Amino acid sequence: MTTITTVSRDDGTFETAVGDHRLVIDAPASMGGSSRGPTSVELFATSLGSCVAAFVADYCRRAKLDTTGLSVDVHYELVDEPTRLVDLEVTINLPNADVGDRREAISRVAEHCPVHETVEYTLEAIGLEVRDRTVLTAGLA
């Protein structure tokens, strides 16, 4: 199983290690953040958009469709009680391609990116565990 670790930094931001990469994530302004990095919600939407973009670009290259200027827009609303994203909408822009009868195929490819599939089909709860100093120092983690 892949593990990605996020660590709290002294300045109130968080640093996440993803392979050889480091991301700085800030809290939303309502939680004291000051736009020193994207928020976790923005990264979630970014993951969806970049995943769809990668799958669509791969398909278009194989189908000989021009991917120059390909972009993906992700729109969403953040609501409370329970706090969550709603009305997720993804728009795929292919400004230099004539997709013709491949429009539906492109949509199907986009729907098969792992982030989209996870959002669309995961109905199970996300496992959550809290490990404090006692657990961590006892090596029970």
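Where does each of MET1, MET31 land when they are ordered by accessible area, with a 1.4 Å probe and the largest first?
MET1, MET31
Residues of segment 26-44 with amide nitrogen under 15 Å from the 7 Å Cα-to-Cβ point of SER8?
Flagged as within label range: 26-28, 31-33.
Treat every Asp and Glu Cβ in the chain as -1 and every Lys and Arg Cβ as +1, leave all other atoms uncharged, and give the resulting dipole magnitude about the Cα centre to the nearest 20 debye.
500
When N is the residue count of the chain, what does its C-alpha Rg come to as a fraction of 2.2 N^0.38 Å?
For the chain, the normalised Cα radius of gyration is 1.30.
Once the piece of chain linking TYR121 and ASP98 is laid out straight, how much longer is it, given 0.36 nm per residue of separation minus the C-alpha distance between them?
Value of the extension gain: 5.2 nm.
Sort ARG131, ARG62 by accessible area with a 1.4 Å probe, largest first.
Descending accessible area places them as ARG62, ARG131.
Sum -39500 (n - 2.57) across every DSSP H segment of at least 4 residues in the chain, then divide by the residue count to get the 222 nm mean residue ellipticity, nearest 500.
Rounded to the nearest 500, it is -9500 deg cm²/dmol.
So, R0 is 41 Å and r is the distance between the beta-carbons of ASP58 and GLU81; what FRET efficiency does that work out to, to 0.05?
The pair ASP58/GLU81 has a calculated efficiency of 0.55.
On a 0 to 90 degree scale, rounded to 10, what angle separates helix 40-62 from the longest Cα axis of the chain?
Roughly 30 degrees, rounded to the nearest 10.
Evaluate E = 1/(1 + (r/R0)^6) for ARG36 and LEU88, where r is the Cβ-Cβ distance and R0 equals 25 Å; express this FRET efficiency to the nearest 0.05.
Computed FRET efficiency for ARG36 and LEU88: 0.45.
If I compute solvent accessible area with a 1.4 Å probe over the protein chains, what percent of it on the chain is carbon and sulfur?
52
Using a 1.4 angstrom probe, figure out how much accessible area the chain has per residue, in square angstrom, rounded to the nearest whole.
Result: 75 Å² per residue.
The values are calculated or read from the model by the stated rules, or taken from the named source; none is laboratory data. Note that the coordinates shown come from a computational prediction; the quantities given were computed from them, not determined experimentally. With ideal geometry, Cβ positions are generated from the backbone for all residues, glycine too; neighbour counts draw on all protein chains shown. With ligands, DNA and RNA removed, areas are computed over all heavy atoms of the protein, side chains included. Shrake-Rupley method; radii C 1.70, N 1.55, O 1.52, S 1.80 Å.
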